[in-house]
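The values are calculated or read from the model by the stated rules, or taken from the named source; none is laboratory data. Quick caveat: nothing in here was measured; it's all calculated off a predicted structure. In this analysis, Cβ positions are derived from the backbone assuming ideal geometry, glycine residues included, and neighbour counts consider all displayed protein chains.
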Amino acid sequence: MTSGVHAMTVSSARTPATRAPDNELYDRGCDLVEAATAIRRVADAPEAVRAVPAALGCIEAALRELLWAAAALEETSARTVEQRSGSADWIAKRRSERMQLGYANLQTALADAERASAAARSLAGRALAAAKAV
């Protein structure tokens, strides 16, 4: 097993053309939780040690994708809020500002987590290589 991350692609064959985007988004979110749960279940198995750096690389790549997804979700939400609320409605404006602050905090946390995962991958790879576990 290598510790690098290979380019990952999502198969479009899994997504029927007639599927509603809201259902697809929700189902993909459920897939994300299911994958994270499966990783957690196998992560403490001693036999999994060789895959630790690679799994951390996958987490890093997933966090990067989630960062971009959060930015897209923010844009979609902001566009909808703007279209459906009047610009003179100060309550809606304050709510929108708080929403955007929440998205900014989420994106910062995801970027920080991505960098932390990269550091953990590097450190785990070196430590395991020194221990001759990889």
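Annotations for the structure displayed:
- In segment 67-93, the residues that are of a type in the set (Gly, Ala, Ser) form Cβ pairs under 6 Å with partners that are not in a helix (DSSP H, G or I), at six or more places apart or across chains, as follows: ALA92/SER85.
- In segment 3-19 there is at least one residue matching the filter, namely being surrounded by fewer than 15 Cβ atoms within 10 Å (Cβ to Cβ), part of a helix (DSSP H, G or I), small (Gly, Ala, Ser) and modelled with pLDDT under 95.
- GLU74 vs. criteria of a type in the set (Asp, Glu) and surrounded by 15 or more Cβ atoms within 10 Å (Cβ to Cβ): yes
- Only one of the listed residues (ALA104, ALA54) is under 25 Å from ASP22 (Cα atoms), small (Gly, Ala, Ser) and surrounded by 11 or more Cβ atoms within 10 Å (Cβ to Cβ). That residue is ALA104.
- Screening segment 74-96 for residues that are of a type in the set (S, T, N, Q) and over 18 Å from GLN107 (Cβ atoms) and picking the one that is modelled with the lowest pLDDT gives SER87.
- Restricting attention to segment 20-67, the residues that are of a type in the set (Gly, Ala, Ser), more than 26 Å from GLY102 (Cβ to Cβ) and part of a helix (DSSP H, G or I) add up to 7.
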